[in-house]
Each structure stands twice: as structure tokens, then as C-alpha cells.
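Following: one structure in C-alpha cells, then a few remarks.
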Amino acid sequence: EIHIKEPIEKEVNPRLLPGELLLCEASTVYKYMQEDGSNRGTYGKLVCTNFKISFLDDDSASDDNEPQFKNKIVGENDITLQCVDQIYGVYDEKKKLLTGQLRKYPEKLIIYCKDLRVFNFCLRYTKEEEVKRIVSGIIHHSQTPKLLKRLFLFSYASAAPNNIDGRNQTVMFETLEDWRDELERTKGNVKYKAVSTNEGYRVSEKLPLYFVVPICISEESILKYEGRGIPIWCWSCHNGAALLKMSAFPKEQDDSTSQMQKAFLDGIYKTISKPPYELLKMDDLSSSLPSLQDIQTAYTRFKQLFLIDNSTDFWATDVKWFSLLESTNWLEIIRRVLKKAIEVAECLEIQHTNVLLIEESATDLCCVISSLVQVMMDSYSRTKSGFQSLIQKEWVIGGHSFLDRCNHLHKSEKEEAPVFLLLLNCVWQLVQQYPPAFEFTETYLTVLSDSLYVPIFSTFFFNSQHQRDTNTSGESLKTQSGPFKFLTVWDWSVQFDPKAQAFLNNPLYAEKPKPDKSQRKTARFKHQRQLSLPLTQAKPSTKRGFFREETDHLIKNILGKRIGKFINSSDEPPNSFREFYDSWHSKPVDYHGLLLPRIDGPEIKVWAQRYLRWIPEAQLHGGGTIATAAKILDLMEEVQSLQVKMDEEHSQAVSGDIHSVPMLRNSARLSSLFPFALLQRQSVKPALPTSTWKDLEDEDDLVKRDDEFVDLSGDML
């Protein structure tokens, strides 16, 4: 029996943002804890606004229990309406998906979120009228189709004070000058030009106002087919080879139109294949990569593994974890996308060939591959401001349909596909394989993925620059009339205070050294040697190779067959690809040069911080990467203090600045999924891999033993 405690004495009211309105609420709602099968939990008030669903309890009234890594916009018990994935009701212990009008209201409400949180609410002790209001209100505002102007984005923009941070270093690519600067940075301005042909969107509403094309392309050609069939520049390599993308013509056309379009394309290809342009390689991504439907299906299966209701479900799925993971095909899709990016990098780097990525709209998989190639080949894209500028250029201004792909308006599930999330998963693989090469952390990528569902930023809530521009005119409550001033997600001060923002920066980032004039020639020679790789067969590294050189040939064959089956790579990569891949991995890594991800077998991993952060059983207290990071930071601070003492003795100024991450002291009890999972959540089973716990159930002393304190001041294993 659950003891019904008295209602909360002091009234707890939700903290409302500018433009946020309270729509409905229900008192005496019981929120279950997820940790175990018991009915432990807390009483409070469940409210729904035009921005979020929020649970308010005693703790909400005080600031004493604030988490160390706090989001100022979305609290621990807040769910933005765009973050709601599915809502289930429990009737007589049976779960039922809730949509539309309800005849009977449930006694329990389960909300599954797109950031993989799961909320369980008991409505058994709530007044019947309040249950009807809150359940129907939540379903209506989070699940039914809505108009674009009904998004909270517009309510917030019209009511919030306009104090946009002007210090943001992200290049927004909204002006012709931004594109010219990027051309100059990449040395692409000799063969390519920024054009303003689309001003007033007279070419196409899908294209940005300004973009870059080869110098030889005429304005007439751009206008002819609304920008289709025109190679649009993405980036130039140090050797002059360029990455281009093109929106393909529709396949279903009558013969005469098809012939005209073919003749037009042939003319374009001939023009950009002549000197001074490099040879051109075309890659139709719709035939060489999984379809958007395949990506959506795989991710839907994959996320089900992490939407865990309770401890029992976790341990039931843990027994067959690897087979369940493989059957989703999500990691295989990540591997295929990374492999494609390596193939493109090889063409640009080794073969000095221009690569033209072709896709129907050139705004989905083109964005993924072009972004990945730039992260791998351009160290600027591995800095925080560089990565943000890359997302602006390729995705936001490039015309990725965020509104449709994220299904923010709940208009059509057919258009939904986690394309941007696929990119972040791929970038995470690189971040965890080569941490010193990135100025940002995996925590940065995690909060960026969460920001997809926070409708106070315009960044991820439009399908194109045209759609955003045509919807910026409106009446502001502050200035009577005038265009809306939307926030950009790149101003992290809106969501996090400076202490929390420190978690987004990598303290171990290997900054690019500024070469002395005397060493400039040597440095340049070394840079070329590292990047220009021979095509001769190189001896694979025994450290990085999947099999050690001395491994017995028979065992190698047996294991190879099993692993080949696991990664589903029946199509063997071409020899040139393998030579390029093995040759690069046999050499020391230059963190400011070309980076190639390791893609063989188990090298492709699950992004644990994002997908496991709400599951207590998956946490290691006092373990994981956070323990290592804390120890290294302590050493760095010690070195810095010694440096200060030495400089004082020599009367010299301190050189360099270490970005220390706060709140990592005494980290032996921190969770491995810190800063999202803290200390308050415990598992009822020991978190041992696969089904090991079943073999140990008889040993009560192990199961019942409390976590031992891990002293990080000693040697680390």
C-alpha cells in the first residue's frame, strides 16, 4: 500500500519563461522512482504549459537540491512538448498507447521522451476532473498536429527581452561576406565564387540566399532549373581538391524533359572537369548509403533498448544485449556512413579529385557526409566555434529540414528521420577515439542533441532559411511591431551558467601550436608528409590492427568469419581504400591533420553518455572516463601550480591557461555518466556485464555488498 501523505503545505508554482502560459494542472500526482520495482516516489503537482510538461514537488520549491550540471531552461522534471515521444496509459496493469480523444482515463501515465527519459505518474489519488484535464491537455498539446506559428518559439521571441550575446564567435553564413571569408580560409577563392543570385529567393526557396559555385557556372545556369543540377561548393582541401554537392533531378520525368536535363548536366560536368578544376568523381548517396526510412527504422529499434521502465526490464534485456543491439542495425549504419566519409577523404587527399555528392534534395545525407569529411580533414571544424560554424553552414543555412525530420509539428511521420542525430553519433565516435583532437567534449554533443527539442532557439526549428525569413515578421510585445528576434542555440549562456559551460570544453585539447618563423619551413614539410600518404601497402599497426601480427592464421580465419558476420560487411572494401586506411592507422596521429575513424568490428561503440544516462544499472560509481579525467585534471593543476612557482622565481608571467572543470574534486563517488547521472540513484542489482549477475546470485555477500569507496589518489588500473 502506498501511504497518501498530506498535500504540500506551501503552494508550488511553476517557473514560467517569458511568453509561457499555464494551460492545465493536477494536484496529488504521485511520481514513481525508476530505480526498482517498489512503489517509492514523491507527491506533487503535474502541470502543462504551452512550452513544457512539468512535475513540481517539495524539492521544486527550494534551490538546496539543485544538480551540479543544471540547465536553466529545462529542469530535471521538465519535458518540453517537442521532447515527448510517446504517451502510454495503464489500465488494470495493461499498457495502452494514448492518442486523440479518450473514453476512459488511465490510473497511471507513462511518458517516453526523445532524450530517452521515462516518467511514471500515478493518477489514482488525483481528482477525476483534474485527471481528465491534465491527460487530455498533455496529449493534445504534445501529440496533435499544430501550425508553425503555434510553436513556443514565437511566443518566447515576442515576449522575451532581446539581449542576444554579441560575443558569439560562430560564423552564421547569413551574409555574402561570411561565404567569402570561408572561401579565403580554405584557399578556394581561386576556382569558386560566392553568388547572390538567390536574393529575394528568385532561384529557389530551398536554397540559401548566398552560396558558392565554381567560377565557370553562369547565373543563367543557376536560374534554369531552380538550382537543381548545379554543383554547390562545401569545402576545399589544402591541395585544391573540393567537396561539392548537387541536388538531383526527379527520376520520374517524360523523355523530352529528361533528355534536356541530361544535356544540361553533361554541359555542367564538362565545364567543371576542365583545368583549372581537378578530375571529378560523382557519388550518388541515395544508392550507396541507407535510405532515410532505413535510418528511421534502425533508430526506432535502437532507442527501444534504452527506454527502460524499471529494473526488471533492464536485467531481462541485458541477457540478450548483444543480439538485440545487432538486430537494430544502428551501429552498422554508423559504420557505413563513416566508411563513406573515409572514401571521400581518400579521393580528396590522395587522388586529388573533386568529389560531387548527389542526393535528391542534397539536404540530408549530403549534410552528414560533407560535415564528417570536414571534421576529419579540417582541424578548425574540431574546435567549438568551428564545429558550430560547420553546422550553420551545412545544416541550418544548407537547408536541412529540421522541422520535418524531427517531426516538431507532428504533421507526418513519413518525413521523420534522425539524420542530424546520426551525424552527432558519428562525430562522437571520433571524439571518443581521439579526445585530444577536439576542443569540445561528449557532454557538448549530448546537450547539443538535447537542444533539438528546446523551442526557444530558431536553429533547429525551420526547414530552410526561406521559411525562417518569411516567419520572422510579427508583432513583438516589447516593441509593438517588428521582426522576431530569435535566439541561436550557439549562445550557451542561455542554457548554462559559466560553471556548467566548463563541462562543454575539453581540458585536454591539444591546441595547434603557432610555428616560429625559424621553424616554419620544417613545420610545413612535416604537415605535408603526414597528410600525403603513399598508396603502397603499409605494415598494419600491431596496436591498432584488429588482429595482432603473431596471431595464428587458423584462429584469425575463424574469428574473422564471426566478426565479419557481426559487422555485416559482406562487401569487402576496395584495395585502395584498405591501403589508405591501414597506411594512415600505421602512423602516429597528428591531432591537427587528417583523422580517420577506426571502423572495424567493435570499434564502433554505443554513445553511452547519451543513451545510458538515465539508467541507474548502467552507472559505475567512482569509475568510467570521469574518474580518469578527474585524476588528469588534478595532475594538470599541480603542474600549473609548480609552473607558477617557477615563474615567480624567474619573475616571468604565467604562460598558457588550463580550463579546469569545476566540481570534480572528491570524484571517487561520481557516476561514470556524470554530469547527467549523479549520486542519488542506486541499482538493486550489481551492474555486471551481460548475464554474469545470474551466475553470482547465490553469492549473497556480493549482491548485498555496498559499493566500496574508490580512492583515486592511489594508482589507477
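The values are calculated or read from the model by the stated rules, or taken from the named source; none is laboratory data. Quantities reported herein were computed from a predicted structural model and do not represent experimental measurements. Every residue, glycine as well, gets a Cβ built from its backbone with ideal geometry; the counts of neighbours run over all protein chains shown. With ligands, DNA and RNA removed, areas are computed over all heavy atoms of the protein, side chains included. Shrake-Rupley method; radii C 1.70, N 1.55, O 1.52, S 1.80 Å.
Rundown of residues vs (1) of a type in the set (Lys, Arg); (2) outside any loop (DSSP other than H, G, I, E, B), yes/no style:
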site	(1), (2)
Ala362	no, no
Val373	no, yes
Tyr380	no, yes
Phe387	no, yes
Glu394	no, yes
Asp404	no, yes
Asn407	no, no
Lys411	yes, no
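Here's the yes/no breakdown for (1) under 19 Å from Gln374 (Cβ atoms); (2) surrounded by fewer than 19 Cβ atoms within 10 Å (Cβ to Cβ); (3) in the same structural domain as Ser273 (by the TED database):
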residue	(1), (2), (3)
Arg185	yes, yes, yes
Tyr192	yes, no, yes
Val213	yes, no, yes
Ile217	no, no, yes
Glu220	no, yes, yes
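Sort out which residues of the stretch 253-302 are under 25 Å from Cys216 (Cβ atoms), touching a Leu at 6+ places or on another chain (Cβ under 7 Å) and assigned to a helix (DSSP H, G or I), and write them in order of number.
Tyr269, Ile272, Ser273, Leu285
Just one of the numbered conditions (1) in a helix (DSSP H, G or I); (2) within 28 Å of Pro455 (Cα to Cα); (3) at pLDDT 95 or above is not true of Ala157; which one?
(3)
Go through the stretch 183-202 and give me each residue that's under 18 Å from Ile217 (Cβ atoms) and charged (D, E, K, R).
Lys191, Lys193, Glu199, Arg202
If you go through the stretch 138-153 one residue at a time, how many are within 24 Å of Glu76 (Cα to Cα) and open to solvent by 10 Å² or more (accessible area, probe 1.4 Å)?
Narrowing the stretch 138-153 to residues within 24 Å of Glu76 (Cα to Cα): 138-143, 151-153.
Still in the running and open to solvent by 10 Å² or more (accessible area, probe 1.4 Å): 140-141, 143.
Counting residues in the stretch 138-153 that are within 24 Å of Glu76 (Cα to Cα) and open to solvent by 10 Å² or more (accessible area, probe 1.4 Å) gives 3.
Could you please let me know if Gln296 is more than 23 Å from Leu207 (Cα to Cα) and in contact with an Asp or Glu (Cβ under 7 Å, 6 or more places away or on another chain)? Don't jump to the end; show me each part of the working.
Values: more than 23 Å from Leu207 (Cα to Cα): yes; in contact with an Asp or Glu (Cβ under 7 Å, 6 or more places away or on another chain): yes.
Yes, satisfied.
Checking the conditions here, which among Leu292, Leu285, Leu331, Leu338 is among the hydrophobic types (A, V, I, L, M, F, W, C), more than 30 Å from Asn575 (Cβ to Cβ) and under 22 Å from the mean Cα position of the chain (by Cα)?
Numbers: Leu285 fails: more than 30 Å from Asn575 (Cβ to Cβ); Leu331 fails: more than 30 Å from Asn575 (Cβ to Cβ); Leu338 fails: more than 30 Å from Asn575 (Cβ to Cβ).
Sole residue among the options that is among the hydrophobic types (A, V, I, L, M, F, W, C), more than 30 Å from Asn575 (Cβ to Cβ) and under 22 Å from the mean Cα position of the chain (by Cα): Leu292.
Can you tell me which residue among Phe51, Phe69 is at pLDDT below 95, within 25 Å of Phe461 (Cβ to Cβ) and touching a Phe, Trp or Tyr at 6+ places or on another chain (Cβ under 7 Å)?
Details: Phe51 fails: at pLDDT below 95.
Matching residue, one of Phe51, Phe69: Phe69.
Residue by residue, here is whether (1) at pLDDT 95 or above; (2) outside the structural domain of Lys340 (by the TED database); (3) acidic (Asp, Glu) holds:
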residue	(1), (2), (3)
Phe577	no, yes, no
Phe580	yes, yes, no
Trp584	yes, yes, no
Leu595	yes, yes, no
Asp600	no, yes, yes
Gln609	no, yes, no
Leu612	no, yes, no
Gln619	no, yes, no
Gly622	no, yes, no
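If the Cβ limit is 8 Å and pairs must be 6+ apart or interchain, which residue in the stretch 604-632 that is on the phi > 0 side of the Ramachandran plot pairs with which residue that is charged (D, E, K, R)?
If the second residue must be charged (D, E, K, R), the pairs left are Gly622/Arg669; Gly622/Asp707.
Looking at (1) in contact with a strand residue (DSSP E or B) (Cβ under 8 Å, 6 or more places away or on another chain); (2) in a loop (DSSP other than H, G, I, E, B); (3) without any contact (Cβ under 8 Å) to a residue 40 or more places away in the chain, which is the only condition Gly188 fails?
Every listed condition holds for Gly188 apart from (3).
Looking at the structure I just gave you, is Asn407 polar (S, T, N, Q) and in contact with a Lys or Arg (Cβ under 9 Å, 6 or more places away or on another chain)? So that I can check it myself, show each step before the final result.
Working: polar (S, T, N, Q): yes; in contact with a Lys or Arg (Cβ under 9 Å, 6 or more places away or on another chain): no.
For Asn407, the condition - polar (S, T, N, Q) and in contact with a Lys or Arg (Cβ under 9 Å, 6 or more places away or on another chain) - is not met.
Which of the residues that make up the stretch 317-326 are out of contact with any helix residue (DSSP H, G or I) (no Cβ under 7 Å at 6 or more places or on another chain), open to solvent by 60 Å² or more (accessible area, probe 1.4 Å) and assigned to a helix (DSSP H, G or I)?
Across the stretch 317-326, the qualifying residues are Trp321, Phe322, Ser323.
Provide a single number: the residues in the stretch 192-225 that are under 17 Å from Cys366 (Cβ atoms), in a loop (DSSP other than H, G, I, E, B) and without any contact (Cβ under 8 Å) to a residue 60 or more places away in the chain.
Residues flagged as under 17 Å from Cys366 (Cβ atoms), in a loop (DSSP other than H, G, I, E, B) and without any contact (Cβ under 8 Å) to a residue 60 or more places away in the chain within the stretch 192-225 amount to 1.
For the stretch 358-384, how many residues are charged (D, E, K, R) and either without any contact (Cβ under 8 Å) to a residue 24 or more places away in the chain or open to solvent by 10 Å² or more (accessible area, probe 1.4 Å) (or both)? Talk me through it step by step, then tell me what you get.
So the first thing to find is which residues in the stretch 358-384 are charged (D, E, K, R), and the list is 359-360, 364, 378, 382, 384.
Restricting the remaining residues to those that are either without any contact (Cβ under 8 Å) to a residue 24 or more places away in the chain or open to solvent by 10 Å² or more (accessible area, probe 1.4 Å) (or both) gives 359-360, 378, 384.
Qualifying residue count, the stretch 358-384: 4.
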